[in-house]
Amino acid sequence: MKRLFTLLALLSGLSLSAQEYLGGDHALYKVTASGRYLILPVEDAAPDALVHILSDNYFVEKIYVRLAREKVDYCVPLDLSRYQGHISLDVMVEGVNSIRWQDIASSESFSPDPDEAFRPSYHFTPAYGWMNDPNGMVYKDGEYHLFYQYNPYGSRWGNMHWGHAVSRDMIRWEHRPVALRPTALGDVFSGSCVASGDTIAAIYTSAGKHQVQSLAYSTDGGLSFTPYPLNPVISSTTECRDPKVFRHPVTGLWTLVLASPLEHQVRFYTSENLRDWTYRSSFGAGWGRQDGIWECPDLFELPTPDGSRWVLIVNLNPGGLYGNSATQYFVGQFDGYEFVCESSPEKVKWLDYGPDHYAAVTWSGQPGSRHTLLAWMSNWRYADVVPSRPFRSADSLPRDLALYQEDGEHYLAVTPVEEVKALRGKAAYKGGFRVGAKAKKILLPESCQGHCEILFDANSSRGPLQCVLSNGKEELLMTVDFKDRTFRMDRSRSGDCSFSPDFASSVFQGPLHNESFRIFVDASSVEVFTADGKMAMTALIFPSSPYDRLCFSSETGGTNIKNLIVYPLK
């Protein structure tokens, strides 16, 4: 915080002249700044101010910003180079006189404060601001493009844009400028991208008074998009959003999957040109978990020993495990027009058994039959109050998908992408031992604290095994129950849980198919996988200091730990 106020003091010395005309709940702030950016002070507890950006008295854009009053939590930049002429901020909010106008500053550059305890080291996060759904994910010319729901003006949901980043391995990311901004049709909600030749086409939800589906295209590798002038391309009298588009391999038509959230359904459309769409069918009424709303669908084909199956992913909120946001899926056949599920309607299949795995979708255009999924690593119950800022939210590790068969049904296996192994440093620990009631403690070197991968095999003919990550004051408790065939996680003492009563209210449980584990620990998250990919569990954690010890114990004894390896992740 001291660095933040030092920065504000320096910036306030730059050339900036402004006048505030105050009256009631309305202020006009005239900008005559010499820098590229206007640095806006933000306080998360302040009310949202509606700001109309005016250029030569003409309305250009509206944004919502929690302009600081009592204190400055962090700052966000307003890029003045995007506007021509004389700029004014037309500010409307109750108690406008309380805004800290004196802390608005001008600067040629902007860098977010790097002193952030909970910034992950190997999970994707925005440089600053709020992030939720990954969307528009497309592979083109050797690069993975990640677009995402983004608020560049604060660390709470709002002002929905498409942020943009690129990577060659889905692990190391380079930030790009904002790709899509709100239009007169509304904010830019989730959607998808497809690549054809030199063009990337984006189909997304424009969320204004009504939700409609819009089209935009990019010819510069996703750096900028031009909206189709005759948007929307799909409209509906009911709420619909989050279109996912792909080319069907048999019909050759563009196929679009669209969520109908309140009806707990998805709709299927086809098109020859991405502009003119024909409704074909719907799926979902009476199928799977019907609580909450359905959104962020995905549909893709995966190989099986007897041919292939289609997987339909539907994210729902709430109504998942423990009443949380969650990801369910259905397996069946899709002929390009209609989806037929192979399970019974009451069957529910979960993609992840933790509380913080949502809006999961796959990249389009990946080579071969590879399908890699990414999820938003948070939960709508507490996403906007977690103790991380000026950024909020991270994405999960990318996960490769495969189908396996059990009891006549097909299920998804999820495994971290092979590319993550490139982050491994020299193993900090290797070994094996027998575990009893007295805990076996392993001290983690500084290179592992807060960001490591832990692998081990466990077997027992007796009671459960407890695996604990701890910093001496706080602990994350994981339990392998060999008899009940379950894996459990308890984060009630994992660190800061004070920001929401929902954060530590449940013990999370998943099925135990395999006793080989991979655990990924980062500054504010833990992801657990069984080696066969049949169980994954994702959870946020906010310890006051990095976990520096790993303990194993078994009250009934007789548990063997084999092939234990701890890797620091660079």
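The values are calculated or read from the model by the stated rules, or taken from the named source; none is laboratory data. Note that this is a predicted model, so its numbers are computed, not measured. Don't worry about glycine lacking a Cβ; one is built from the backbone with ideal geometry, like all the others, and counts go over all protein chains shown.
In segment 290-306, of all residues being in contact with a helix residue (DSSP H, G or I) (Cβ under 9 Å, 6 or more places away or on another chain) and surrounded by 15 or more Cβ atoms within 10 Å (Cβ to Cβ), the one that is modelled with the lowest pLDDT corresponds to Gly292.
Residue under question is Leu401, and the condition is that it be part of a loop (DSSP other than H, G, I, E, B), crowded, with 18+ Cβ neighbours inside 10 Å and at pLDDT 95 or above; does it hold?
Numbers: part of a loop (DSSP other than H, G, I, E, B): no; crowded, with 18+ Cβ neighbours inside 10 Å: yes; at pLDDT 95 or above: yes.
No: the conditions fail for Leu401.
Screening Gly284 with (1) within 24 Å of Gly336 (Cα to Cα); (2) under 24 Å from the mean Cα position of the chain (by Cα); (3) surrounded by 21 or more Cβ atoms within 10 Å (Cβ to Cβ); (4) not basic (Lys, Arg) gives one miss only, at (2). Looking at segment 17-44, which of the residues that are modelled with pLDDT under 90 and not in a strand (DSSP E or B) is nearest to Ile87 (Cα to Cα)? The residue in question is Ala18.
The residues listed here are Val91, Val96, Val138; of these, the one that is over 30 Å from Gln449 (Cα atoms), at pLDDT below 95 and in contact with a His (Cβ under 8 Å, 6 or more places away or on another chain) is Val96. Checked against (1) crowded, with 23+ Cβ neighbours inside 10 Å; (2) farther than 27 Å from Ser461 by Cα, Val528 passes all but condition (2).
A Cβ distance below 7 Å, combined with a sequence gap of six or more or placement on separate chains, defines the contacts here; from segment 115-141, residues that are touching a residue at least 24 places away in the same chain (Cβ under 8 Å) reach residues that are surrounded by fewer than 19 Cβ atoms within 10 Å (Cβ to Cβ) and in a strand (DSSP E or B) in the pairs Ala127/His175; Val138/Ala195; Lys140/Ala195. Would you confirm whether or not segment 222-242 contains a residue that is within 25 Å of the chain's Cα centre (by Cα) and aliphatic (A, V, I, L, M)? Yes, the conditions are met somewhere in segment 222-242. Filtering segment 339-396 to residues that are without any contact (Cβ under 8 Å) to a residue 12 or more places away in the chain and touching a strand residue (DSSP E or B) at 6+ places or on another chain (Cβ under 6 Å) leaves only Val340.
Applying the set (1) over 14 Å from the mean Cα position of the chain (by Cα); (2) part of a strand (DSSP E or B) to Gly136 leaves exactly one unmet item: (1).
Starting from residues that are in contact with a Pro (Cβ under 9 Å, 6 or more places away or on another chain) and closer than 17 Å to Arg156 by Cα, keep the ones in segment 55-68 and report whichever is surrounded by the fewest Cβ atoms within 10 Å (Cβ to Cβ).
Residues of segment 55-68 in contact with a Pro (Cβ under 9 Å, 6 or more places away or on another chain): 61-63, 66-68.
The next check asks that each one be closer than 17 Å to Arg156 by Cα; those that pass are 62-63, 66-68.
Details: Lys62: 13, Ile63: 23, Arg66: 23, Leu67: 29, Ala68: 23.
Applying the filter and picking the extreme gives Lys62.
A residue that is over 22 Å from the mean Cα position of the chain (by Cα) and acidic (Asp, Glu) cannot be found anywhere in segment 381-394. Just need a number here: residues in segment 264-281 that are more than 16 Å from Gln213 (Cβ to Cβ) and surrounded by fewer than 17 Cβ atoms within 10 Å (Cβ to Cβ). Of the residues in that region, 2 qualify.
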